[in-house]
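Just so it is clear, none of the values below were taken in a lab; they were calculated from the coordinates. Please read all numbers here as calculations on a predicted model, not as lab measurements. Counting neighbours? That spans all protein chains shown, and the Cβs are built from the backbone with ideal geometry, glycine included.
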Amino acid sequence: MIIAKDCVVAVNYHLTVPGENGEGETTVEQTSVQDPFVFLFGVGQLLPEFEGNLSGKKVGDTFDFRIEAENGYGVYQLEHIVNIPMTAFLDEEGKLDTEMIAEGKQVPMMDNEGNRLWGKVLAVETEHVRMDFNHPLAGKQLHFVGEVIEVRAAEADELAHGHAHGPGGHHH
Ligand code: ZN
């Protein structure tokens, strides 16, 4: 069976991005044969280029491909760096949680439409906190190297739910 729409696929892969200062590669994610990445193929949940590079492969096939930032998690955008007024971070007593709001910390925030998003604290100033709302992998070329572990037809309930069940998938 080859990878095509409505298959459940298990892959073991190593994802790296270029290292700081362009030296070497930095590991972002490493799955294993025992605990691979399992997903329902062709339902638009993953990066289209990731699926495109796996389409037509079968169990035992290997892969080694790169996805440019603009087709991955987007290019790094300076306008996603924002100064947020300090008042937004103060508790009822007007205190700042300096453990949580500190340089380098990822903080759960909410945008004007009420969507949850993560921001990275770049600097804590007197009047504001400077935050970066770029995806952590924005601006990075993604490099996937791995092997196809399993390919099977999706069950009817998996197609209805839009995700894989069983080991590595959803449990319910
Ligand atoms: Zn389900």
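The charge dipole of the range 78-132, taken about its Cα centre with unit charges on the Cβ of Lys, Arg, Asp and Glu (plus for the first two, minus for the last two), comes to roughly 180 debye.
Which residue, Asp64, Asp91, Asp132, tops the fluctuation ranking in a GNM of the chain built on C-alpha contacts under 10 Å? So, out of Asp64, Asp91, Asp132, the one fluctuating most is Asp91. So what does log10 I(q)/I(0) come out to for the range 1-58 at q = 0.27 Å⁻¹, using the Debye formula with one equal point on every Cα and no solvent? Log10 I(q)/I(0), no solvent term: -1.12.
Over the chain, dividing the summed -39,500 (n - 2.57) contributions of all DSSP H runs of at least 4 residues by the number of residues returns a 222 nm mean residue ellipticity of -2000 deg cm²/dmol. Ordering Ala88, Val38, Asn112 by Cα displacement along the dipole of the chain toward the positive end leaves Val38 in first place; charges were set at the Cβ atoms of Lys, Arg (+1) and Asp, Glu (-1). Listed by chain and number, the lysines whose C-alpha is less than 22 Å from the C-alpha of Lys57, apart from same-chain residues fewer than 8 away, are Lys5.
Taken along its principal axes, the alpha carbon cloud of the range 78-132 reaches lengths of 28, 22, 18 Å, longest axis first.
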